[in-house]
Amino acid sequence: MEGGGHDGTPISIEELNKLKSIAERARKNVVRMLFYDQTIHVGSSLSSIEILTTLLFKYIREGKDPINRDWLILSKGHAAPALYALLVEKGYISEDELWKIQDISGLLQGHPETFIPGIDMSTGSLGQGLSFGVGVAQGIKMRGGNGRVFVIMGDGEQDEGEIWEAMTHAVARKVDNLIAFIEMNGFQLDAATSEVKPKDFLPDVWRAVGWKVLSCDGHDFISLINTIDEALKAKAPVVIFAKTRRGMGFKAIENTVNQRASPDDAKKYLTNA
Amino acid sequence: MMQRSTLPMRDTFGRLLAELGKTNKDLVVITADVGNSTRAMYFRETFPDRYFNVGISEQDMVNFAAGLAAAGFKPLVVNFAMFLMRAWEQIRNSIARMNLDVKLAVTHSGYSDSGDGSSHQALEDIALMRTLPNMKIIIPADSADVKRTLPVVVNELRGPLYYRMGRDYTPVITEGLDYDFKLGKGYVLKDGEDLTIMGAGVVLYDALKAAEELEKMGISTAVINLLSIKPIDEDLIEYYARKTGRIITIEEHSIYGGIGSAVAEVVVKRYPVPMRFIGATTFGRSARSERDLLDFYGINSKSIINAALELVK
């Protein structure tokens, strides 16, 4: 279902290269965090880099008015290092803060907190971001605002019962200013999703409930942009199944259940990259 | 003392809420398919566009309300006490952690859903809410208490707040008393010298009844309506610990972690005196009335009198 729905202005090579270089710096910074803390969720973070880059640098309209700005809710809060690395690129936080992640003296928590600049929802407990997003989207519509809500979830997260509650609720409310991402990287905490609980039926379920269902390559900017452009035209809540790889680009853990790697692995990656 | 009756607390609540919606344009009401039973329906009838029944989905209800608060509304969640606890983790991780302006109003607390039995009887909710940072707890004793607290809760107080009510059983306790509600302040229902009974909610009816009996036995007994359980009136508790030297707490809730525990924390810190705790120690059961259950589990004036005689001897 890739492609279709261009908004008429194809992305320029310059813009594409800009997005690529931002993502690459963020990817390196996530891996670099391993020098300072080996307990962060590197695998899940690297799965989210391109999605977050695209949203933050092409779509999200910032502002103070809660109904006339866009919202970014990282429901898979364990990918916080990726979001932090991109908030550095945005200028919300200083790069030095990244090296103090999870440290008692640092600002950056293991999972997002709203006291950190640029964070729209405190997350960390899975399955809660979509309900919150439906609430924000409903509030925006009630006041006639133009804000849009982007919620990023994982595939393992779909096991949570609250997802069903929120998925059915969004359709009942007809919140067409809500776009949800589900990263299909095929792993959850203990093992591959196929071993824990199959997820292949998910697009059928979301479609049956009444969502517009799209899919894309979650690491390919053109695929992401085409799909988001199409999503923004929809008259219903949209879910984008984004095929991603856990640990994308970091060979020591890429496409494995492993979240973490050693500083040596990080050094090897940064030297060769 | 005659037991007079007024409108049940939930009806007073529901009607007043609809009134408050007229001036408070940001007020939105969210429930999980219990709008009729909780009397949130009066708000629905007046403001259908600001009323949301999310379906039987308590977890989603809580985070949906959190999202509405983030977007600038003043959400009030209305549900059965028991089933809101299903979403305790959502309350903890979204509403309390982000310190969002979401009020949680519950009916059917304690034994008040008598017929439905233990699955529906919330005897642990105060403890669960009390332990949450940023959470405030208000427990009105009767309809008059609802009238003096709800406008302040809805229009003036900011941040997470748990507002605990029962179902139908609403003996008159505070009607006609001249008291302006302030967060963190309890008030004296009856003064005394030898002993103080402290509590909140409908069981204060039994506290007053016991105090009347104890007076006849020559034991001068004070009765305090704590009303604000978090923050709690530490100064008032200390004052009566010093003045009467003995405290009995009564609550329609587990004695483990509830109102008695909250009072004991203050007493031990400020001025230790002997205490007795009257409340639940296990699950409830079905009965035809809340009154039958309060008597069956000994959360009544008789138990207070026995505890008082033990403390005074």
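A quick yes/no check of all residues on (1) touching a residue at least 24 places away in the same chain (Cβ under 8 Å); (2) surrounded by fewer than 19 Cβ atoms within 10 Å (Cβ to Cβ):
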site	(1), (2)
A:Ala180	yes, no
A:Asp190	yes, yes
A:Asp200	no, yes
A:Pro203	yes, yes
A:Trp206	yes, no
A:Val209	yes, yes
A:Asp220	yes, yes
A:Thr227	yes, no
Q: Test each condition in (1) of a type in the set (Gly, Ala, Ser); (2) surrounded by fewer than 17 Cβ atoms within 10 Å (Cβ to Cβ); (3) part of a helix (DSSP H, G or I) for B:Ser286 and report the one that comes out false.
A: (3)
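Per-residue answers, yes or no, for (1) within 25 Å of A:Asp159 (Cα to Cα); (2) within 14 Å of chain B (Cβ to nearest Cβ); (3) touching a helix residue (DSSP H, G or I) at 6+ places or on another chain (Cβ under 6 Å):
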| residue | (1), (2), (3) |
| --- | --- |
| A:Ala80 | yes, no, no |
| A:Lys100 | no, no, no |
| A:Ser105 | no, no, no |
| A:Gly129 | yes, yes, no |
| A:Ala137 | yes, yes, no |
Q) Among (1) out of contact with any strand residue (DSSP E or B) (no Cβ under 7 Å at 6 or more places or on another chain); (2) farther than 30 Å from B:Gly72 by Cα; (3) in a helix (DSSP H, G or I), where does A:Ser47 come up short? A) (1)
Q. If the Cβ limit is 6 Å and pairs must be 6+ apart or interchain, which residue in segment B:167-193 that is farther than 15 Å from B:Arg148 by Cα pairs with which residue that is surrounded by fewer than 17 Cβ atoms within 10 Å (Cβ to Cβ) and of a type in the set (S, T, N, Q)?
A. B:Pro171/B:Gln3; B:Gly192/B:Ser220; B:Glu193/B:Ser220
Q | Among the residues listed as A:Glu157, A:Glu195, the single one being of a type in the set (D, E, K, R) and within 20 Å of the chain's Cα centre (by Cα) | A | A:Glu157
**Q.** Hits in segment A:233-273 - residues which are aliphatic (A, V, I, L, M) and either closer than 19 Å to A:Met153 by Cβ or assigned to a loop (DSSP other than H, G, I, E, B) (or both)
**A.** A:Ala234, A:Ala236, A:Val238, A:Val239, A:Ile240, A:Ala242, A:Met248, A:Ala252, A:Ile253, A:Val257, A:Ala261, A:Ala273
Q. Does B:Thr174 satisfy the criteria of being modelled with pLDDT under 95, touching an Asp or Glu at 6+ places or on another chain (Cβ under 9 Å) and either of a type in the set (Val, Ile, Thr) or more than 18 Å from B:Arg130 (Cβ to Cβ) (or both)?
A. no
Q) Within segment B:8-23, is even one residue within 9 Å of chain A (Cβ to nearest Cβ), surrounded by fewer than 24 Cβ atoms within 10 Å (Cβ to Cβ) and not in a strand (DSSP E or B)? A) no
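Have a look at A:Ser105, A:Ser75 and point out the one that is among the small types (Gly, Ala, Ser) and surrounded by fewer than 16 Cβ atoms within 10 Å (Cβ to Cβ).
A:Ser105
Taking the conditions exactly as written (among the polar types (S, T, N, Q) and either within 12 Å of chain A (Cβ to nearest Cβ) or not in a helix (DSSP H, G or I) (or both)), does B:Asn36 satisfy them or not?
No, not satisfied.
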(Q) If I filter segment A:84-103 for residues that are touching an Asp or Glu at 6+ places or on another chain (Cβ under 7 Å), closer than 23 Å to B:Val54 by Cβ, modelled with pLDDT of 95 or more and in a helix (DSSP H, G or I), do I get at least one hit? (A) no
Q: Looking at (1) in a helix (DSSP H, G or I); (2) crowded, with 19+ Cβ neighbours inside 10 Å; (3) of a type outside the set (Val, Ile, Thr), find the lone condition where A:Phe57 falls short.
A: (2)
Q: Could you tell me whether A:Gly124 is of a type outside the set (Phe, Trp, Tyr) and within 24 Å of B:Asp49 (Cα to Cα)?
A: no
Q: Give the residue that is farthest from the other protein chains (Cβ to nearest Cβ), with candidates limited to residues of segment B:39-53 that are in a loop (DSSP other than H, G, I, E, B) and within 26 Å of the chain's Cα centre (by Cα).
A: B:Arg39
Q | Test: A:Leu55 is within 14 Å of another protein chain (Cβ to nearest Cβ), in contact (Cβ under 8 Å) with a residue 24 or more places away in the chain and under 13 Å from the mean Cα position of the chain (by Cα) | A | no
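Would you mind finding the one in B:Ile248, B:Ile255 that is buried (at least 21 other Cβ atoms within 10 Å of the Cβ), over 16 Å from the mean Cα position of the chain (by Cα) and either at positive phi or of a type outside the set (Ser, Thr, Tyr) (or both)?
Going through B:Ile248, B:Ile255 in turn, the sole match is B:Ile248.
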Q. Do you know which of the residues in segment A:107-122 that are within 8 Å of chain B (Cβ to nearest Cβ) and within 16 Å of the chain's Cα centre (by Cα) is farthest from B:Asp26 (Cα to Cα)?
A. A:Glu113
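The values are calculated or read from the model by the stated rules, or taken from the named source; none is laboratory data. Worth saying up front: this structure is predicted, and the values here are computed from it rather than measured. As a convention, Cβ positions derive from the backbone with ideal geometry for all residues, glycine included, and neighbour counts pool all protein chains shown.
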